[in-house]
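> Encoded as structure tokens, here's the structure I'll be asking about.
The values are calculated or read from the model by the stated rules, or taken from the named source; none is laboratory data. This structure is a prediction, so every number in the text was calculated from the model and none was measured. Note that we place each Cβ from the backbone using ideal geometry, even for glycine, and neighbour counts take in every protein chain shown.
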Amino acid sequence: MFCFTVFAVECWSLLTISPSPIVAIAHNFEQTEPSKELLIASLLLFGLVLTPIIRKVFHLQKLAQISKRFSEDLQEEIETNLRTISLLSDLAAEHHSTAEEKVAYMHRIQVLTAHSSRAMRHLADLNNSKVAFGNLRNEIERTTERILSQTHHNLSFQGETYLNKLPALAQMGLFLFLKEHLTNTIRQSSPSKILIKITCDAKETTLTISEEGLLDIPLSEIPHSLQHRARLIGAKVTMQKEAKDEVSLMLKLPTNKWGVF
């Protein structure tokens, strides 16, 4: 009995003198606040991990949009060529058409057929590769050669390194602007010579199209469709009449305008 009493007194003294280790740990945990530096570091680490993922998602979405727009543009081109071929065939079949006119119609049909064939192959390659285009210069050269096959022309590039660094949407907008303008010019004005120059540096990308020997000088007002394409990529477009039958069109796009995406 005495031993039990002594043991109880000793236990009580220990409890009253110092709290148990578990209680002390819990108490210290409640008193501790998270370090601000640790919180900031965690947020930065989370941002570094998340940013590449977000950029990749945006990039894939833009490539999908570009691929779709490029496919639709090629399809529209093929449909237009087929309608023109049908019209030329009807004209050639008319009895009052002269032999020279029929030869001209047949030659034009052959040219459009060749253009449509190349466009269809390019469309198939586009769908198989699942990309919009690999190289902007190659696409511009291919399309320019196709549209201006019957017109004397010259195409030059300067600062191609900066040009390839433009985001995919900016490259696509520049390409579609050039293609639409050349197509409209050939159909409406039949120029004898077209000079195309694309310059790009760290600050600005400039597309200059000079047309000579125009049969029909276009209006000073730039077509709304071209103005719309320019606005989509944040560019400014101007037109200037150089001489009686010469017109110069200039598109300026800030190279460093585009942000992270």
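> Please enumerate the residues belonging to region 136-172 that are of a type in the set (Val, Ile, Thr) and outside any helix (DSSP H, G or I).
Result: Thr151, single match.
> Which one of the conditions (1) small (Gly, Ala, Ser); (2) over 19 Å from Gln65 (Cα atoms); (3) out of contact with any Lys or Arg (no Cβ under 6 Å at 6 or more places or on another chain) does Ala170 fail to meet, given that it meets all the rest?
(2)
> Right, here's the next one. Output the number of the condition that Asp201 fails; it satisfies all remaining conditions of (1) loosely packed, with under 15 Cβ neighbours inside 10 Å; (2) in contact with an Asp or Glu (Cβ under 8 Å, 6 or more places away or on another chain).
Asp201 satisfies every listed condition except (2).
> Search region 237-255 for residues that are of a type in the set (Gly, Ala, Ser) and pair each with any residue that is exposed (fewer than 14 other Cβ atoms within 10 Å of the Cβ) when their beta-carbon atoms are under 7 Å apart and the residues are at least 6 apart or on different chains.
Cβ pairs passing all conditions: Ser248/Gln240; Ser248/Glu242.
Yes or no, residue by residue, for (1) in a helix (DSSP H, G or I); (2) modelled with pLDDT of 70 or more:
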{"site": "Thr5", "(1), (2)": "yes, no"}
{"site": "Pro19", "(1), (2)": "no, no"}
{"site": "His59", "(1), (2)": "yes, no"}
{"site": "Phe70", "(1), (2)": "yes, yes"}
{"site": "Arg83", "(1), (2)": "yes, yes"}
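> When region 176-193 is examined, which residues are found to be outside any loop (DSSP other than H, G, I, E, B) and surrounded by 22 or more Cβ atoms within 10 Å (Cβ to Cβ)?
Those that are outside any loop (DSSP other than H, G, I, E, B) and surrounded by 22 or more Cβ atoms within 10 Å (Cβ to Cβ): Phe177, Leu178, His181, Leu182, Thr185.
> Further question on the same structure: Report yes if Glu212 is surrounded by fewer than 19 Cβ atoms within 10 Å (Cβ to Cβ) and under 17 Å from Ile140 (Cα atoms), otherwise no.
In short, no.
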